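Before any comments, here is the structure.
The values are calculated or read from the model by the stated rules, or taken from the named source; none is laboratory data. Please read all numbers here as calculations on a predicted model, not as lab measurements. For neighbour counting, all protein chains shown are included, and Cβ atoms are generated from backbone atoms with ideal geometry for every residue, glycine included. The protein model used for the area step is the full one, side chains on, heavy atoms only, and it has no ligands, DNA or RNA in it. Shrake-Rupley method; radii C 1.70, N 1.55, O 1.52, S 1.80 Å.
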Amino acid sequence: MRTAIALAATIALAAGGVTTTADRASAAPVTPSPIAEAGTAAVKGSAKDAYQVYSRNGEAVRYTRTYDGLRVYGGDLIVRLKNGKVTGTSVGLKAPLALTTKPSVTATAARSAAGKAFIGTALETGKPELFVDASSGTGKLAWETVVKGWLPDGQTPSRLHVIVDAVSGATVGSFDEIESVTGTGNSIYSGPVAVDTTAGATNFSLTDPVRGGGYTCDMGNRTSGTCAVFTDDDNTWGTGTNADRASAAIDAHFGAATTFDYFTNVHGRNGIFGNGTGVPSRVHYGSAYVNAFWDGAQMTYGDGSGNAKPLVALDVAGHEMSHGVTENVVPGGLTYAGEPGGLNEATSDIFGSMVEFYANSTTDPGDYDIGEKIDIRGTGAPLRYMYNPTLDGSSHGCWSTTTKNVDVHYSSGVANHFFFDLAEGSGATAYGTSPLCGSAAPVTGIGRDKAAAIWFRALDNYFISSTTYAQARAYTLSAATDLYGFCGTEYKAVQASWTAVNVAGDDFCSAGNDFTLALSSASLALDPGTSGTIAVTTTAINGDPEAITFSTGATPAGVTLSFDPPVVTAGEPTTITVTAAEGTSRSSAPITIVATAESVTRAAALTVSVNSAAGCTATNDTDVAIPDNTTVTSTLTLSDCPTVTPSTTSAVEVHIVHTYIGDLVVTLLAPDGTAYVLHNRAGGSTDNINQTYAVNLSTEPPNGTWTLRVQDAASADIGKIDSWSLSL
């Protein structure tokens with residue numbers, strides 16, 4: 001979540017209004033308004049909504065949204081037009097917003113909760129901002145507070161955004177704004193390279209006059225204070241070894257220039273920020289600092305373990321600065337959690353690798369390994385492998401219903417694997433062997449240039465902050481259509497590549513009018529007696545947009561579905577409301593969603609799960625501190641669960657805040673003391689556990705006291721049990 005852009009003059013609409021800003025392509029207002037052309041229903045608008053033009057790329061217009069004057073996070077949307085006719089929208093909301101904007105929780109209480117959520121040394125806690133959190137598709141009133149300080153290592157800066165429910169007071173989420181990985185110049189990793197510098201009266205400065213004045217400076221192995229721009233008498237920089245401080249600077253300077261040139265020359269984007277501004281690069285940051293990070297305005301690089309291996313490799317630079325591209329293309333960036341967070345990280349991995357290929361260096365040739373030069377683990381292994389993400393031991397190479405629950409650096413593996421297959425094909429390649437998921441057919445690649453063009457087009461014209469993998473499939477198919485035509489070789493390769501990583505969808509092509517169908521999620525879980533919603537996106541991809549009527553296949557007993565609206569025109573969204581009646585039995589089954597137009601029928605599968613009865617679920621959200629080398633516990637009690645055998649797939653949802661989850665052993669203890677290990681020192685230096693574990697508890701009596709036991713088995717990092725739930 002980033003601060004909303006400043007607003008200007010208003011154009012009134014029947015439902016809310018449109019506010020124009022200085023458009024990124026021109027300062028002229030959009031006339032007629034694409035919002036008006038699309039209609040209130042298509043953008044899930046309400047009478048209290050107002051819309052602000054964020055950017056316009058051809059006939060794709062991005063908006064941010066306010067509700068009753070409050071910023072709406074997750075309310076961003078795109079309206080796409082052709083010759084003035086709406087051809088599609090990207091909307092994250094499942095239904096129009098309808099909520100009170102009067103908080104029950106004070107700003108003071110929210111500020112206090114934010115301070116408690118910060119792990120490390122807090123230096124400043126900002127003023128809480130009241131806003132509407134619609135990142136899940138449903139609006140909730142919340143406070144956002146930014147806490148600035150240092151992480152426990154004392155060297156990594158943190159700008160932690162903490163989200164507190166303004167009605168219940170619960171801390172519902174957080175993200176760190178600092179995104180990290182964990183003349184002639186002689187660089188360390190890229191060999192001799194040409195760099196653009198600025199001549200002064202007596203020397204040369206490592207300031208790039210060609211690319212918006214980006215510069216490279218020396219932090220002197222400090223974490224604060226002046227960063228001195230590098231200068232040199234003869235414009236020959238570094239020796240190619242770490243002994244000369246300018247060598248790492250050349251890597252960073254070259255990385256910033258190459259990334260700038262890649263996005264400008266390949267994708268037509270005017271640098272990282274889209275306005276021609278250069279990127280400052282700070283090198284030699286901290287002492288033995290094994291990290292590099294992008295903070296929204298500049299790059300910062302540590303010198304690695306023992307100050308011997310600076311993290312200035314080209315793909316690291318490209319990866320981190322691509323975060324800057326993503327957060328400037330999509331308002332606030334792709335939400336840094338769940339599947340959108342995985343797509344965010346994958347976008348940086350994809351373009352970081354493409355920057356490496358673009359440089360065409362013989363010293364650091366392009367590949368699909370991420371961070372292979374910096375040896376951050378000390379084993380010589382890369383951080384991630386795009387051709388087979390599972391090789392790192394944590395990443396998902398195939399999509400599953402649990403992908404949204406893992407760290408974003410690991411959920412990114414699905415998109416990385418897709419991109420590799422699209423570019424190079426599956427099976428044995430020059431860069432590694434890419435396996436297929438399930439019974440998917442082999443994929444023939446279309447080349448990395450076309451693959452990158454499709455991904456950038458999807459990011460630029462289709463992705464919004466809440467984009468899921470299912471939607472990414474539909475959006476990249478639309479991007480392929482825009483660039484290379486409907487149902488051509490490239491389009492079919494996108495279909496096959498997503499199928500190869502288990503992201504399912506339509507695999508049909510037709511010569512006439514056609515559209516794609518995408519669900520915001522492939523699954524939905526409900527308690528008996530409750531309802532939930534799924535957003536449905538349609539996109540006209542060929543011919544003229546036709547009317548689409550929605551229906552369903554068979555549904556489990558007690559489960560009903562309805563559509564609002566039940567009929568749309570291709571390019572417009574609808575919302576599915578799924579209801580599980582009181583007393584509905586626990587079940588999980590796919591339901592076919594059918595979209596019928598005059599020329600073609602499309603279908604998608606929605607897996608609906610009905611949870612256990614209320615007496616068979618419980619949550620403990622009392623914080624429990626986890627000190628170093630200590631075992632702590634948290635308990636909850638079930639007393640009203642029917643005395644039936646628990647499911648073989650009982651769910652244990654665990655939320656632990658910790659800065660190094662490789663220290664942790666997490667175990668569920670049944671009332672009779674039987675232990676079920678959920679997490680055993682996996683994940684390395686990854687922050688936090690936010691995961692739901694499926695556990696076979698079929699031999700356990702349901703009622704009694706259940707215990708979550710967490711052992712911190714190493715020194716240096718601490719945390720807390722934030723909350724956990726058990727559903728039998």
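What does DSSP give for the chain in terms of the percent of beta bridges that are antiparallel, rounded to the nearest 5?
90
Return the whole-Å distance between the Cα centroid of the range 464-534 and the Cα centroid of the range 90-126.
33
Where the eigenvalues come from the Cα gyration tensor of the range 355-404, what are the semi-axes √(5λ) of the equivalent ellipsoid, largest first, in whole Å? Intermediate results must be reported in sequence, preceding the final value.
Working: eigenvalues 120, 41, 10 Å².
After diagonalising the Cα gyration tensor, the semi-axes are 24, 14, 7 Å.
Could you name the aspartates and glutamates whose alpha carbon sits less than 17 Å from that of Lys102, not counting residues in the same chain fewer than 8 places away?
Those aspartates and glutamates meeting the cut-off are Asp49, Asp68, Glu129, Asp133, Glu144, Asp165.
For the chain, compute the orientation-averaged projected area of the C-alpha convex hull (one quarter of its surface), in nm².
Mean projected area for the chain: 30.8 nm², to one decimal.
Leu391 accessible area, nearest 10 Å², 1.4 Å probe?
Accessible area of Leu391: about 90 Å².
Please list Leu93, Leu130 in order of solvent-accessible area, largest first, computed with a 1.4 Å probe with all protein chains present.
Greatest to least solvent exposure: Leu130, Leu93.
log₁₀ I(q)/I(0) of the range 134-263 at q = 0.09, 0.13, 0.15, 0.17 Å⁻¹, via Debye over equal Cα point scatterers, no solvent, to two decimals?
-0.43, -0.70, -0.81, -0.92
Between Lys102 and Thr231, what is the spin-label point distance in nm, taking each point 7 Å from the Cα along the Cα→C-beta axis?
Distance between the two pseudo-spin positions: 6.3 nm.
State, as an integer percentage, the relative contact order of the range 428-510 based on alpha-carbon contacts under 8 Å between residues 6 or more apart.
For the range 428-510, the relative contact order is 36 percent.
Starting from the Cα of Thr362, step 7 Å toward the Cβ, then list every residue of the range 221-246 with an amide N under 19 Å from that point.
Residues 240-241 fall inside that zone.
Could you list, in their original order, any pairs among Lys450/Lys492; Lys140/Lys720; Lys44/Lys94; Lys127/Lys148 whose Cα atoms are separated by more than 18 Å?
Cα-Cα > 18 Å for Lys140/Lys720; rest within.
Find the centroid of the Cα atoms in the range 173-238 and in the range 333-359, then give the distance between the two in whole Å.
24
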